[in-house]
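A.B. asks: Once you've had a glance at the structure underneath, I'll fire off some questions.
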Amino acid sequence: MNPVNAKKLMPCLYLYQKRAVAGPTDRREVSLNPSGLAENYSLGECDRLYVMDLSETDQEQEEAMDILREICAAAVVPVVGGGRIRRMEDVKKLLYAGCSQAVLDLSKEEQAAVLEEVSLKFGKEKIIAAAEGPEQILKKQQEIAAFASEVFLFHGAGGREASLVSPVPVTPFLPEVSLDKIMEMLALPNIGGLSGQVVTENADNIGAIKKLCLENGIFVTQFRPLYRFSDFKTGPDGLVPVVVQDAKTDAVLMVAYMNEEAYERTIEGGRMTYYSRSRRSLWLKGETSGHYQYVHSLTADCDMDTILARVTQVGAACHTGSYSCFFNEILSRSQKAGQHNPLKVFEEVFSVIEDRKIHPKEGSYTNYLFEKGIDKILKKVGEEATEIVIAAKNPNPNEIKYEIADFLYHIMVLMAEKGVTWEEITEELAKR
């Protein structure tokens, strides 16, 4: 649930030399793990995350884009990117890294100069204009109206004036201010949300701010359940079983139980809370181990007597230290040699190729390719691509299947050589 016209609260992450720092002009280190920090921000109740690249050289920018990809993969909310933009290609890098939108600072000549080009190339909805104050918005009204979907006001003190002159919604960046000031700013009709220190420093309390917004008649996103606990068919003990699944891997992690209080706390706090039948008490998963489970979705089955929880699992789900509680095989009827799950075969073949690289096997063709190096691998990729073209002219459809399989094998050898995984490839395809 994320209505377009709801006010959005957005923490900021400033990226400099592979670290998260305090601000554009304050290079004090905040975290050595920017993607972990981004995940922590996004697993709260924020609506999106702003990441500003403070790179000073082309090399730093390339490194920052790699980290930005990690941030976009880790965050469970949209990521908005900005920073070192000098040409259209830099906006493309931000969007291809996984950012939902790119921010162009109109106070920087080179960024203002490409506003129209990138808007026409990627779409107005992908572009946010940034301004230093209301005067700049007034001066650039026509360009903003034509080529941007929103304005970030980096110096938020003029938020009220900016909201009056901007042709699109304004998000002011505010320092730490009182709750009254937050409510006053968000109540303005053309204010799209808030960002800056006031949100970043209160990233853990965004839920409380949103609750206050609702009490003041300000429309914000809030994750409310479509079903009350009383809608479920509970067992004699008043509990509902919960099947827990990893949202990223689809692996079934564990089964636990909820009573009404555990259900409410899970929804309110965003972390899985259960009822322990042995201890007869509430149980916040990860409270002692740090292996929290963050909620992606809760879904009821057809009989309304079981919940499927899709989560982000931190660490291991099982008390034994295993990733999943399900590891004691009882029976397997897949007795055919070479039996494979068709949906997992890419990962299975790729894992064998990676193993060959780490543990060479005499007579292995895969090891032969690794020993010959990148030029030989690229030569084979090119040859196999040509074979696909030739096979496609053949009326027998089987031939092209064989050639595509050969091509994909050599592509996987190339991926292993360059350190690229299928997960990264599929994530990139999903972004497009």
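A.B. asks: Does any residue in segment 8-24 that is closer than 27 Å to Lys210 by Cα come within less than 7 Å, Cβ to Cβ, of a residue that is surrounded by fewer than 23 Cβ atoms within 10 Å (Cβ to Cβ) and of a type in the set (Lys, Arg) six or more places away or on a different chain, and which pairs are these?
C.D. replies: Lys8/Arg48; Met10/Arg48; Val21/Arg27; Val21/Arg28; Ala22/Arg28
A.B. asks: For segment 246-271, how many residues are buried (at least 22 other Cβ atoms within 10 Å of the Cβ) and touching a Lys or Arg at 6+ places or on another chain (Cβ under 8 Å)?
C.D. replies: Number satisfying all stated conditions: 1.
A.B. asks: Output the residue which, of all residues in segment 288-306 that are touching a Ser or Thr at 6+ places or on another chain (Cβ under 9 Å) and assigned to a loop (DSSP other than H, G, I, E, B), is nearest to Val244 (Cα to Cα).
C.D. replies: Going through the qualifying residues, I end up with Tyr292.
A.B. asks: From the residues in segment 339-391 that are aliphatic (A, V, I, L, M) and within 19 Å of Glu423 (Cβ to Cβ), which one is surrounded by the most Cβ atoms within 10 Å (Cβ to Cβ)?
C.D. replies: Initially, segment 339-391 is screened for residues aliphatic (A, V, I, L, M), giving 343, 345, 349, 352-353, 358, 369, 374, 377-378, 381, 385, 388-391.
From the residues that got through so far, the ones that are within 19 Å of Glu423 (Cβ to Cβ) too are 343, 345, 349, 352-353, 358.
Working: Leu343: 8, Val345: 10, Val349: 16, Val352: 14, Ile353: 20, Ile358: 7.
Looking at the filtered set, the residue picked out is Ile353.
A.B. asks: Same structure again: For residues that are closer than 22 Å to Ala113 by Cα and surrounded by fewer than 19 Cβ atoms within 10 Å (Cβ to Cβ), scanning just segment 66-94, find the one that is nearest to the chain's Cα centre (by Cα).
C.D. replies: Here the answer is Lys92.
A.B. asks: Please give the number of the condition Val220 fails out of (1) under 17 Å from Cys12 (Cα atoms); (2) not assigned by TED's automatic domain parsing to the domain that holds Ala157.
C.D. replies: (1)
A.B. asks: In addition: Can you tell me which condition Phe223 does not meet? The list is (1) at pLDDT 95 or above; (2) assigned to a loop (DSSP other than H, G, I, E, B); (3) of a type in the set (A, V, I, L, M, F, W, C), and all the others hold.
C.D. replies: Unmet for Phe223, out of (1) at pLDDT 95 or above; (2) assigned to a loop (DSSP other than H, G, I, E, B); (3) of a type in the set (A, V, I, L, M, F, W, C): (1).
A.B. asks: Out of the residues in segment 364-404 that are outside any helix (DSSP H, G or I) and among the polar types (S, T, N, Q), state the one that is modelled with the lowest pLDDT.
C.D. replies: That would be Asn396.
The values are calculated or read from the model by the stated rules, or taken from the named source; none is laboratory data. No experiment lies behind these values; they were computed from the predicted model shown. Don't worry about glycine lacking a Cβ; one is built from the backbone with ideal geometry, like all the others, and counts go over all protein chains shown.
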